[in-house]
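Asker: Next up is a structure, given as C-alpha cells.
The values are calculated or read from the model by the stated rules, or taken from the named source; none is laboratory data. The shown structure was predicted, so the numbers you read here are calculated from the model rather than taken from an experiment. Heads up, the Cβs are rebuilt from the backbone with ideal geometry, glycines too, and the neighbour counts pull from every protein chain shown.
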Amino acid sequence: MGNVPDFCRNTTLITNTTYETLSECWTEKRIADFLRVCLPLIILPISLISNTLSFLALRSRQMRGTSTAFFMLALSFLDPLVLLTKNFVYFPTFFPANSVSCKILYFLIYVLGYTNVWILVIMTADKFFAVWFPLKASYFCTITRAKYICIFLLILTSIISFHHFWTIDSLTHPQNIDKQFCYYDMRRYDSLHSLWRYTDFVFWCFLPFILLLSLSILIIYKLHQKRNNSQENIRQIINTNIKFREADQRKRSSVLILGNHDMEMRSNQKTEVIRSRHRHITLMLLSVAGVFLLLTLPNSIYFVLDIRYGFSKSPKVNDYNQWLRYRRLTILTVIMFQLSDLQHAANFFLYLLTSDKFRRSVINICITIIEILPTLLTCSCQRKIHEMRYSNQKFDKSQYNMSSRSSVCGMSNIIQGSRHIQNQAKPLYIYHAIITKSATTKIDL
C-alpha cells in the first residue's frame, strides 16, 4: 500500500523529527497514495471501453435521429478525453518538463470538463423543452441546432479557460529538486487563483447542479402528469363521440360499443407508440443527470467546507491531532475527486439499464465484433503465411540466382582460361612466324 520512506525505519530519527515528516510514515498517507494511483487506473480503461461501445451504439440507426441522442453521442466522445487529460496530471510524464505543455494540458482539462458538464445541462434542457412544449420541439430541438450549441460551448469554455496560458507554469517539486510539476504560479497570481476557485466551483459544480436538479424534477412532474391525463383525455374524446351519435344510432348500440372499444384500443396504441419513441431517451437522460447529481454532491459540499475551513491546507503547527486530521482529509479529497471522475465511466451502464433499444444496439455490435474477429485473425494468419512463403520463395530465388551466377562465373572462368591459353599460344605462333619470316627474308637477301 505504497512505499515506506527509508527514514521511517530509523527509530532515532523518528523521535527527533516533526509531525510533518513523521506523518509520511503513517498508514493514512499510504492509503491516500494507493487510492491516488489505483483508482484512476481502474476508471480509465472502463471508461475507454464503455464509451467506445456507447459511441458505436448511439451511431446506430435505432438510436440516432434526435437532438438528445446527438448530445449523448458527444458525451460518449468527451468522457474518455476528460479522464485522459486528468490522468496526465495524476501521473506526470513529459508535460511538467515544459511550461508550454503544462499550459496546454490545464487548458484542455478545463475546456473538456466544462463542455462535458454543460452538454449534460443543455441536453436536460432540450428534453425539458420537448416534454413541456411538444408542439414547438420539432422546430427548436433539432440536430443542427445541437451541433451549433456544442460549437458555441467549446468557444465559450475556451474563453473562460484561456487564462491558464499565463497562470500555469512548470514548478520545481518542494520535496524533490529534480522533479517538476504543473500548477498555478502562486507568487504572481495568488489572488487570481483564489478567485478562480470560486469561479470553477460555480461553473463546474454549483450552477449545473441546480439546473439539472430543477429541470429533472420538472421533467418527471410533467411526465407523471401526462401519464395520468392521457387516459382521461381518451375517455373524454370517446364520451363526446358517444353523445353526438347517441340520437342517431340507438338501434345499433352493440355495434357502437364495439366501435368505441376499437377506437379506444387504437388510440391507446397510438399514444403508446408515441410515448415509447422518446421514453428510452428520457430515461437515459434522467439516469445520467441523477448519477451526476449524486456523484458531484459530495464534491460540492466538500468544496464549500474547504473554502470555509481550509481542509486542503497543511497545518502550520507541530500538533499531532491536526496532522492526523490533515492526512485523513487527504484520503477524503482523493475519494471526492475520483467520485466526480466516476461519472465519465458510468453512463454506458446507465444506458444499458434504462433503454431496451440501447441494449439491442450493443448486443448487435458485440455479435458483429465476434463474427468479424475470427475473420480478422484468419486474414492476419493468412497474411503472415503468405509473407513467409513469399520470403521463402525470394530466398530460393536468391539461392538459385547465386548458384546460376556461380555456374555462369565458373563457365566464364573456364572460357576465359581457354582464351588465355589460346592467347598465350598465339604469340608463340606469331613469334615463330616472325622468326621464320625474318629468317626467310634474310635468306632472300
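Asker: Cβ-Cβ distance below 7 Å, separation of 6 or more or different chains: which pairs start in the range 289-317 with a residue that is assigned by TED's automatic domain parsing to the domain that holds Arg328 and end on one that is of a type outside the set (Gly, Ala, Ser) and part of a loop (DSSP other than H, G, I, E, B)?
Answerer: Leu305/Phe311
Asker: State all residues of the range 59-87 that are free of Cβ contacts under 8 Å to residues at least 40 places away in the same chain and either in contact with a strand residue (DSSP E or B) (Cβ under 9 Å, 6 or more places away or on another chain) or in a helix (DSSP H, G or I) (or both); if no residue qualifies, say none.
Answerer: Leu73, Phe77, Leu81, Thr85, listed by residue number.
Asker: May I pose another question? State which residue is farthest from Leu78 (Cα to Cα) when the search covers only the range 132-142 and only residues that are at pLDDT below 85 and assigned to a helix (DSSP H, G or I).
Answerer: Leu135
Asker: While we're looking at this one, here's another question. Only residues in the range 89-100 that are surrounded by fewer than 16 Cβ atoms within 10 Å (Cβ to Cβ) count as the first member; pair them with residues that are assigned to a helix (DSSP H, G or I) and not hydrophobic (A, V, I, L, M, F, W, C), Cβ under 9 angstrom, at least 6 apart or cross-chain, and list the lot.
Answerer: Listed by first residue and then by second, the contacts come to Phe91/Pro40; Phe94/Ser101.
Asker: How many of the residues making up the range 89-129 are under 28 Å from Lys179 (Cα atoms) and at pLDDT 85 or above?
Answerer: Result for the range 89-129: 14.
Asker: Take the residues of the range 171-185 that are part of a loop (DSSP other than H, G, I, E, B) and surrounded by 12 or more Cβ atoms within 10 Å (Cβ to Cβ): which is modelled with the highest pLDDT?
Answerer: Asp185
Asker: Please state which of the following conditions Ser194 fails to meet, knowing it meets all the rest: (1) more than 35 Å from the chain's Cα centre (by Cα); (2) modelled with pLDDT under 80.
Answerer: All conditions pass for Ser194, except number (1).
Asker: Criterion first (modelled with pLDDT of 85 or more, β-branched (Val, Ile, Thr) and surrounded by 14 or more Cβ atoms within 10 Å (Cβ to Cβ)) does Ile159 satisfy it?
Answerer: no
Asker: Here is a further query. Could you tell me which residue of the range 302-332 is farthest from the chain's Cα centre (by Cα), considering only residues that are farther than 18 Å from Ile42 by Cβ and among the β-branched types (Val, Ile, Thr)?
Answerer: Val317
Asker: To continue, here is another question. For the range 113-124, check the following and say yes or no: at least one residue is under 27 Å from Ile365 (Cα atoms), in a helix (DSSP H, G or I), in contact with a Ser or Thr (Cβ under 8 Å, 6 or more places away or on another chain) and of a type outside the set (Phe, Trp, Tyr).
Answerer: Yes, the range 113-124 has at least one match.
Asker: Can you tell me how many residues within the range 310-333 are closer than 30 Å to Ala346 by Cβ and modelled with pLDDT under 80?
Answerer: 2
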